[in-house]
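The values are calculated or read from the model by the stated rules, or taken from the named source; none is laboratory data. Keep in mind it's a predicted model, so treat the numbers as computed, not measured. Cβ sites come from the backbone with ideal geometry, for glycine too, and all protein chains shown count toward neighbours.
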């Protein structure tokens, strides 16, 4: 498992708390229509899309939300590296 997965490796850190706060904000922002799909994207590589997605997904799952992640970066996928699994 990657050090980038701060919500699991250091759950009491300020960064992990920030991901939990993001989860809470997303949940309460959609009270009238629960959030079903979320896309995380950016214009350039290295801005933290995969790290943000992985940590937010962990906090969503910890909050008992059904969670599926899709790494749509066909050129440089990285979610498998963050979670320590093979890409195949």
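Observations, loosely collected:
- Annotation: of all residues in the stretch 31-46 being closer than 16 Å to residue 19 by Cβ and at pLDDT 90 or above, the one that is surrounded by the most Cβ atoms within 10 Å (Cβ to Cβ) is 40.
- A search for C-beta distances below 8 Å between a residue of the stretch 33-46 that is in contact (Cβ under 8 Å) with a residue 24 or more places away in the chain and any residue that is surrounded by fewer than 10 Cβ atoms within 10 Å (Cβ to Cβ), counting only pairs 6+ apart in sequence or on different chains, returns 45/76.
- Screening 61, 57, 72, 16 for residues that are under 21 Å from residue 2 (Cα atoms) and in contact (Cβ under 8 Å) with a residue 24 or more places away in the chain leaves exactly one candidate, 16.
- Residue check for residue 7: in contact with a helix residue (DSSP H, G or I) (Cβ under 6 Å, 6 or more places away or on another chain) and either surrounded by 10 or more Cβ atoms within 10 Å (Cβ to Cβ) or not in a helix (DSSP H, G or I) (or both): yes
- Residue in the stretch 13-26 that is at pLDDT 95 or above, part of a loop (DSSP other than H, G, I, E, B) and either out of contact with any strand residue (DSSP E or B) (no Cβ under 6 Å at 6 or more places or on another chain) or loosely packed, with under 12 Cβ neighbours inside 10 Å (or both) present: yes
- Subset of the stretch 77-88 [in contact with a helix residue (DSSP H, G or I) (Cβ under 9 Å, 6 or more places away or on another chain), over 18 Å from residue 19 (Cα atoms) and touching a residue at least 24 places away in the same chain (Cβ under 8 Å)]: 78, 81
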